[in-house]
Amino acid sequence: MPAKSHLSVERSRIILIGLFGVAVGWVIGSVWMGLAISYFAYACWLVYQADQVDTWLDKGAKRSTAPDTDGVIGNIEKLIFRSKQSDKDRKARMKRILGWYNRSASALPDATVVTNDNFEIIWANEAAQTNLGIRGNRDAGQRIDNLVRDIGFQKYVRDNNPEEIEIEFQSPANKNITLAVRRVAYAENMYLFSARDVSQRVQLRETRAAFIANASHELKTPLTVVNGYLELLGEDASLPLEARQKIAIAEEHAIRMKDIVTDLLTLSRLENQQLEQSKLTPIAVGDMLESICEDIKDNKLGSNHTFETNIDNRIYLSGSESEIKSICTNLCINAVQHTPAGTVVQIGWQATPDGGARLLVSDNGPGIPPQHITHVTERFYRVDSEQSRESGGTGLGLSIVKHVVHRHQGELRISSMPGRGTTFEILFPVEKILTEQEAHAASL
């Protein structure tokens, strides 16, 4: 019955009780006394019904034990039962959904562990036991970094890493498995750790690196010999001019091949060797850039370009001097090789507002079409194959730059517009930056 109908019934009942009270009062000689007695009896009846409903709620509000009530109290009883039944249905539905989720998550081949914001384990699937040695029931409440003792993983858990970063380490449950683990925020104040088996990927990567390193090493020695003989032949004045010209071309290509082999060896080392913290030194990047610019201007390659510098020599970078020199050299030479004579190349090394530093190499050359920008750091990728080969590049310089920047926790940004030039910007975090005083103290 609608709420308004129940209210109408109660109003009618109150009116009837009032009439009954008037009648009783007329009999006993006091109308007010009759009304008081009638309404008091009605109030007692309402309290009794409310007490019945309260007792029913305390006992679980089962339908079979529902009290016989009517009016507004009876309607409240029905609404309570309906709400309780709705909650029960909703809980049953949520339980089914949770069961489906748990079964789905348990069936995943990747190890999955859910923790709270203190990294204490809440739930883990079966694969977590196989790959991480974590059992959801047994290890619930334990910190995940207390169970997985890999030093790199423990640091990864403690550090505030972006969600796109993952870490690789050997499985604590199976030494033949390499895991790639990623942490993502999960629900409110919870984290989800996902670990997948990347053993095959690692093996392929190591095989490729070993092949490149071995092949490059084996090629380096004979190329050195070939270069030596070509140089001797080129200096032999008894040979015809045409022969000497062809020897010069062969020598040029042999040198380029040697440069490619050297860059391949460099890439192999960057990909497979960690940057040792003990070998980091304070680097005067400003002085390094000025020296590189002078060398390029003295060389035939950069004699027709204009260099503009905006360098703060008070900013030092903590890193590998040889690697940082390679990215500065590669970016400066790249700006000269792929732009026509008369191009202005701007070189910058300045502090950023957050305390970090920015390395900038910009030119006003022909620029790079938008579809090529995301690919220019790939190995041997060329925007213009013919022009790039004529300029003498190996096609590996920007790949080396990308790897070195990543090893130094920096960020490489490339922006370009056809006809208006290209800008390479490297942002280094504040943790890698030293003041002049700190650099001198670290050098002692």
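The number of residues in the range 115-153 being farther than 16 Å from Ala180 by Cα, touching a residue at least 60 places away in the same chain (Cβ under 8 Å) and touching a helix residue (DSSP H, G or I) at 6+ places or on another chain (Cβ under 9 Å) comes to 3.
As a summary of the residue check, Ala250 satisfies the conditions (1) without any contact (Cβ under 8 Å) to a residue 12 or more places away in the chain; (2) touching a Leu at 6+ places or on another chain (Cβ under 6 Å) except for the one numbered (1). Scanning the range 61-84 for residues that are within 47 Å of the chain's Cα centre (by Cα), in the same structural domain as Ser12 (by TED's automatic domain parsing), modelled with pLDDT under 90 and surrounded by 11 or more Cβ atoms within 10 Å (Cβ to Cβ) turns up at least one hit. Scanning the range 176-191 for residues that are under 16 Å from Val202 (Cβ atoms) and surrounded by fewer than 16 Cβ atoms within 10 Å (Cβ to Cβ) returns a single hit, Asn176. Being closer than 30 Å to Ala254 by Cα, surrounded by 15 or more Cβ atoms within 10 Å (Cβ to Cβ) and at pLDDT 90 or above is a condition met by at least one residue of the range 405-412. Residues in the range 173-214 that are free of Cβ contacts under 8 Å to residues at least 24 places away in the same chain and assigned to a helix (DSSP H, G or I): Ser199, Gln200, Arg201, Gln203, Leu204, Thr207, Arg208, Ala210, Phe211, Asn214. Among the residues of the range 360-368, is any at pLDDT 85 or above, among the charged types (D, E, K, R) and over 25 Å from Asp263 (Cβ atoms)? Within the range 360-368, not a single residue is at pLDDT 85 or above, among the charged types (D, E, K, R) and over 25 Å from Asp263 (Cβ atoms). Residues in the range 395-444 that are among the hydrophobic types (A, V, I, L, M, F, W, C) and in a loop (DSSP other than H, G, I, E, B): Leu396, Leu444.
Inspection of the range 157-172 identifies no residue that is touching an Asp or Glu at 6+ places or on another chain (Cβ under 8 Å), of a type in the set (D, E, K, R) and in a strand (DSSP E or B). Of everything in the range 282-312, what is surrounded by fewer than 15 Cβ atoms within 10 Å (Cβ to Cβ) and touching a residue at least 40 places away in the same chain (Cβ under 8 Å)? Give them in sequence order. Hit for the range 282-312 is Asn310, nothing else. For the range 117-132, a residue qualifies if it is out of contact with any Phe, Trp or Tyr (no Cβ under 8 Å at 6 or more places or on another chain), crowded, with 16+ Cβ neighbours inside 10 Å, of a type outside the set (A, V, I, L, M) and outside any helix (DSSP H, G or I), and the qualifying residues are Trp123, Asn125.
The values are calculated or read from the model by the stated rules, or taken from the named source; none is laboratory data. Being a predicted model, the structure only gives us computed values, none of them experimental. Every residue, glycine among them, receives a Cβ derived from its backbone with ideal geometry; neighbour counts consider all protein chains shown.
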